[in-house]
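Asks: I am attaching a structure below and will ask some questions about it afterwards.
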Amino acid sequence: MKKTKPNYPIKVLDKSLSVLELLLQKDSAMNMTEISERLEIYPSTIHRILDTLKHWGYVEQDSHTQKYQLGPRSEGIRIRYG
């Protein structure tokens, strides 16, 4: 399905959804630098987005590897996306 650009985009929302979509496509944990480089978004922005998504349960972070993966609240998204 072709995506059309919205008339009134909200940049941070676009970036946040890009992070979720990347994690859905990758289907494995990624560190913040990988996400930042892949999406070409500043690491500081990625850090804030991931921190917020983690707070809401959409991503979780492995305490040993520091990598991020989809969290339990992303399950519905995962089902519809796949």
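Asks: With a ≥ b ≥ c the root eigenvalues of the C-alpha gyration tensor of segment 11-81, is it rounded (a/c under 1.5), prolate (a/b larger than b/c) or oblate? Before the final figure, lay out each step's value.
Replies: On the way: a/c = 1.41, a/b = 1.17, b/c = 1.21.
Rounded.
Asks: Could you order peptides 24-37, 48-61 by the average number of other Cβ atoms within 10 Å of their residues, highest first? Spell out each step's value before the answer.
Replies: Numbers: 24-37: 14.5, 48-61: 16.5.
In decreasing order of mean packing, 24-37, 48-61 become 48-61, 24-37.
Asks: Separate question: If I stretch the segment between K67 and R38 completely, what's the gain in nm (0.36 nm per residue apart, minus their alpha carbon distance), one decimal?
Replies: 9.0 nm
Asks: What is the sum of charges, Lys and Arg at +1 and Asp and Glu at -1, for the other residues whose Cβ falls under 12 Å from the Cβ of D14?
Replies: +3
Asks: Let me check against my output: what whole-number percent is the relative contact order of the chain, with C-alpha pairs under 8 Å and at least 6 apart?
Replies: Details: 66 pairs, mean separation 21.3, N = 82.
It comes to 26 percent, rounded to a whole number.
Asks: Of T52, H64, S28, which is farthest on the positive side of the dipole of the chain, counting Cα position, with +1 on Lys and Arg Cβ, -1 on Asp and Glu Cβ, and the Cα centre as origin?
Replies: Comparing the listed Cα positions along the dipole, T52 ranks first.
Asks: Using unit Cβ charges (K, R positive; D, E negative) and no other charged atoms, how large, in debye to the nearest 20, is the dipole of segment 11-81 about its Cα centre?
Replies: That gives a dipole near 180 debye.
Asks: Roughly what angle does helix 11-26 make with the longest principal axis of the chain, taking Cα atoms, 0 to 90 degrees, to the nearest 10?
Replies: Value to nearest ten degrees: 60.
None of the figures in this text is laboratory data; all of them are computed from the coordinates on show. Please read these numbers as outputs of a predicted model, since none were measured by experiment. Counting neighbours? That spans all protein chains shown, and the Cβs are built from the backbone with ideal geometry, glycine included.
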